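*Asks:* One structure is given below, represented as structure tokens, and several questions about it will come after.
The values are calculated or read from the model by the stated rules, or taken from the named source; none is laboratory data. All of these numbers come straight from a predicted model, not from anything done at the bench. As a convention, Cβ positions derive from the backbone with ideal geometry for all residues, glycine included, and neighbour counts pool all protein chains shown. Heads up: the accessible areas ignore ligands, DNA and RNA and are worked out on the full protein's heavy atoms, side chains in. Shrake-Rupley method; radii C 1.70, N 1.55, O 1.52, S 1.80 Å.
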Amino acid sequence: MLAKVISGALIGIDAYPVEVEVDIAQGLPQFSTVGLPEGAVKESKDRVKSAIKNSGYDFPARRITINLAPADIRKDGTAFDLPIAIGLLCATGVVNADNLKNFILLGELSLDGQIKPVRGVLPIAVAARDWGDYSLLVPMDNAEEGAIVAGPKVYAVRDLGEVVALINGEQQFIPYQTQHNLQNRDSSPDGEDFAEVRGQEHVKRALEVAAAGAHNILMSGPPGSGKTMLARRLPTILPDFSFEEALETTTIHSVAGLLSRKNALVRQRPFRSPHHTISDAGLIGGGSCPRPGEVSLAHRGILFLDEFPEFKKNVLEMLRQPLEDGQVCISRAALSLTYPASFMLVAAMNPCPCGFLGDPQHDCTCTPPMLHRYRNKLSGPLLDRIDLHVDVPRVAHKELDDLKNGESSAVIRERVEAARVIQRERLAPYGLHANAAMATRHIREFCPVDDAGQKLLEMVVDKLGMSARSYSRILKVARTIADLAGEENIKQVHLAEAIQYRGMDRKVG
């Protein structure tokens, strides 16, 4: 007796169909799974056996062979529990084989037959549109996720008995309808607001420039100067998600298993803030069973690294590729994966180990060798990839005691969105969304500088010994400043402001 069930699996964030073949033959009772199954897949035989028995069905005491095709790709996760169980019931005549051909099945089984949620339902639902005319049968807690996009019909089930009744047509089930619309979401940030920040006007301006052009930014200042407070308010001035951006981000979170039934889609730009003890696999992605790292979970949002020099140097150096390419490539002997990682890097650090270098209120106790070692934790190539370097001084008591609120996030966001509209219209033919993504050819076309500006750049670049990458970063930031001002051409004043945001270049020089 042979049965075939269609399921799905993931390679990176891409889904592919898996045909679960179930064969029941004469012989001593045995249950074997082939097709490169990982540990969780191998263990499914015990869950499946108990789930079938506890749901009131007979489990065949014969030689059972499960094949997961294509058999040359490793399979992991618990999503094959349900298709294996239904395949066994189909092979024993409980489930109608003709009706089963119309469904894609995903789900983890508990020992009593209840169906638990699994990760990766969204990318499988998106890819299933190209696999044929199928309906998707998923756990109840994954139904919202599977129905986000216009794809196959999604049926939500709670237990094994419901699945059998649905496939056999014994009970009428209505396809699940999503309760949310990505295009009509509430994008207004709640809680934190730039109006609460006292002083630090030049830092707020730098963050506005960074948000307008999706530029990376590094803030340096003594403890308690407001670096973390400012960084956590940066998402409140970022432009709203587009449908495509929200779908990309939600897909990554689905693959990582971070979506819940109540939050089946990512409504606001992500803000990820890992601790400085994070490993390279945790930050970039990978592991024995590769998963997206923090840089991918921050896709289309912000990756905030507080206490920047305290991260392991080898971990920080791994940021170079995603900062440059907007993606992470993880190579293994058996396969190579690519995860999206287009994010804004926001980093914060103290100016020295004790934190009080340049602070007029406290004396710095660091020796020159200590200071040298501290700064050497951040390599020149890494600093080159950060567009804005900003000093965050201690806030004076007069400013802290000021009861007058500053500009609200809503007001700043209006200017940021206006600048982003200009950039999208300019860069749309090249598939880019912000100035930070411009390559050399785009800089030459969209960042022309007049003679006065060229003289200023020549003087600064030669004096500070800036790299070609730093030079390009200055032009990109100047282009964003001009967009915020509504200017078509980059002027000397825009260049001057962009140059002042290269504080680390001046210190190194």
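*Asks:* Quick check on my filter: what residues within region 2-31 are closer than 25 Å to Cys289 by Cβ and β-branched (Val, Ile, Thr)?
*Replies:* Answer for region 2-31, where residues must be closer than 25 Å to Cys289 by Cβ and β-branched (Val, Ile, Thr): Val5, Ile6, Ile11, Ile13, Val18, Val20, Val22.
*Asks:* Working carefully through the options Ser50, Ser32, find the one that is open to solvent by 30 Å² or more (accessible area, probe 1.4 Å) and either touching a Cys at 6+ places or on another chain (Cβ under 6 Å) or in a helix (DSSP H, G or I) (or both).
*Replies:* Answer to the selection: Ser50.
Residues checked against (1) under 14 Å from the mean Cα position of the chain (by Cα); (2) open to solvent by less than 40 Å² (accessible area, probe 1.4 Å); (3) over 20 Å from Glu324 (Cα atoms):
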residue	(1), (2), (3)
Ala214	no, yes, no
Arg233	no, yes, yes
Leu238	no, yes, yes
Arg291	yes, no, yes
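*Asks:* Can you spot a residue in region 85-94 that is under 29 Å from the mean Cα position of the chain (by Cα) and modelled with pLDDT of 95 or more?
*Replies:* Within region 85-94, not a single residue is under 29 Å from the mean Cα position of the chain (by Cα) and modelled with pLDDT of 95 or more.
*Asks:* Let me ask another. Within region 330-423, which strands (runs of 3 or more DSSP E) (wholly inside it) include 1 or more residues that are in contact (Cβ under 8 Å) with a residue 60 or more places away in the chain and surrounded by fewer than 21 Cβ atoms within 10 Å (Cβ to Cβ)?
*Replies:* In region 330-423, 336-340, 388-391 are the strands (runs of 3 or more DSSP E) which contain 1 or more residues that are in contact (Cβ under 8 Å) with a residue 60 or more places away in the chain and surrounded by fewer than 21 Cβ atoms within 10 Å (Cβ to Cβ).
*Asks:* Considering only residues that are in contact (Cβ under 8 Å) with a residue 12 or more places away in the chain and within 21 Å of Arg300 (Cβ to Cβ), which ones fall in region 427-472?
*Replies:* Listed by number, the residues that qualify are Leu427, Tyr430, His433, Ala434, Asn435, Ala436, Ala437, Met438, His442.
*Asks:* In region 216-231, which residues are surrounded by 21 or more Cβ atoms within 10 Å (Cβ to Cβ) and assigned to a helix (DSSP H, G or I)?
*Replies:* If the condition is that a residue be surrounded by 21 or more Cβ atoms within 10 Å (Cβ to Cβ) and assigned to a helix (DSSP H, G or I), then Lys227, Leu230, Ala231 are the ones that fit.
*Asks:* Here's a check for you: in region 240-249, which residue that is outside any loop (DSSP other than H, G, I, E, B) and surrounded by fewer than 24 Cβ atoms within 10 Å (Cβ to Cβ) is farthest from the chain's Cα centre (by Cα)?
*Replies:* The selected residue is Phe243.
*Asks:* For region 266-289, what are the residues that are in contact with a helix residue (DSSP H, G or I) (Cβ under 8 Å, 6 or more places away or on another chain), surrounded by fewer than 23 Cβ atoms within 10 Å (Cβ to Cβ) and modelled with pLDDT under 90?
*Replies:* The answer is Arg267, Gln268, Gly286, Gly287.
*Asks:* Something else about it: Would a scan of region 55-64 turn up a residue that is farther than 21 Å from Ala15 by Cα, among the hydrophobic types (A, V, I, L, M, F, W, C), more than 30 Å from the chain's Cα centre (by Cα) and modelled with pLDDT of 95 or more?
*Replies:* yes
*Asks:* Can you tell me which condition Leu207 does not meet? The list is (1) modelled with pLDDT of 95 or more; (2) over 30 Å from Arg413 (Cα atoms); (3) under 25 Å from the mean Cα position of the chain (by Cα), and all the others hold.
*Replies:* With (1) modelled with pLDDT of 95 or more; (2) over 30 Å from Arg413 (Cα atoms); (3) under 25 Å from the mean Cα position of the chain (by Cα) applied to Leu207, the lone miss is (2).
*Asks:* Could I ask something else about it? Between Tyr374, Tyr339, which is hydroxyl-bearing (Ser, Thr, Tyr), within 17 Å of the chain's Cα centre (by Cα) and under 22 Å from His275 (Cα atoms)?
*Replies:* Exactly one residue qualifies, and that residue is Tyr339.
*Asks:* A follow-up question, please. Does Gly77 satisfy the condition of being of a type outside the set (Ser, Thr, Tyr), within 29 Å of the chain's Cα centre (by Cα), closer than 22 Å to Glu145 by Cα and surrounded by 23 or more Cβ atoms within 10 Å (Cβ to Cβ)?
*Replies:* no
*Asks:* Restricting attention to region 437-471, which residues are within 27 Å of the chain's Cα centre (by Cα) and open to solvent by 30 Å² or more (accessible area, probe 1.4 Å)?
*Replies:* Once the filter is applied, which keeps residues that are within 27 Å of the chain's Cα centre (by Cα) and open to solvent by 30 Å² or more (accessible area, probe 1.4 Å), region 437-471 yields Ala437, Ala439, Thr440, Arg469.
*Asks:* How many residues are assigned to a loop (DSSP other than H, G, I, E, B) and either open to solvent by 10 Å² or more (accessible area, probe 1.4 Å) or over 30 Å from Leu371 (Cα atoms) (or both) if we restrict to region 313-329?
*Replies:* Residues that pass the stated criteria total 2.
*Asks:* While we're on this one: Go through (1) under 25 Å from the mean Cα position of the chain (by Cα); (2) surrounded by fewer than 23 Cβ atoms within 10 Å (Cβ to Cβ); (3) free of Cβ contacts under 8 Å to residues at least 40 places away in the same chain one by one and return the number of the condition Val126 breaks.
*Replies:* Only one criterion in (1) under 25 Å from the mean Cα position of the chain (by Cα); (2) surrounded by fewer than 23 Cβ atoms within 10 Å (Cβ to Cβ); (3) free of Cβ contacts under 8 Å to residues at least 40 places away in the same chain is unmet by Val126, namely (3).
*Asks:* Within region 133-174, which residues are open to solvent by less than 30 Å² (accessible area, probe 1.4 Å), touching a Lys or Arg at 6+ places or on another chain (Cβ under 9 Å) and farther than 24 Å from Ala256 by Cβ?
*Replies:* Ser135
*Asks:* With respect to the numbered conditions (1) touching a residue at least 60 places away in the same chain (Cβ under 8 Å); (2) more than 22 Å from Asn102 (Cα to Cα), which one is the sole condition not fulfilled by Thr65?
*Replies:* For Thr65, the failing item is (1).
*Asks:* Ok, one more. Does Ser260 fit the bill of being at pLDDT 95 or above and of a type in the set (Ser, Thr, Tyr)?
*Replies:* Against the criterion (at pLDDT 95 or above and of a type in the set (Ser, Thr, Tyr)), Ser260 does not qualify.
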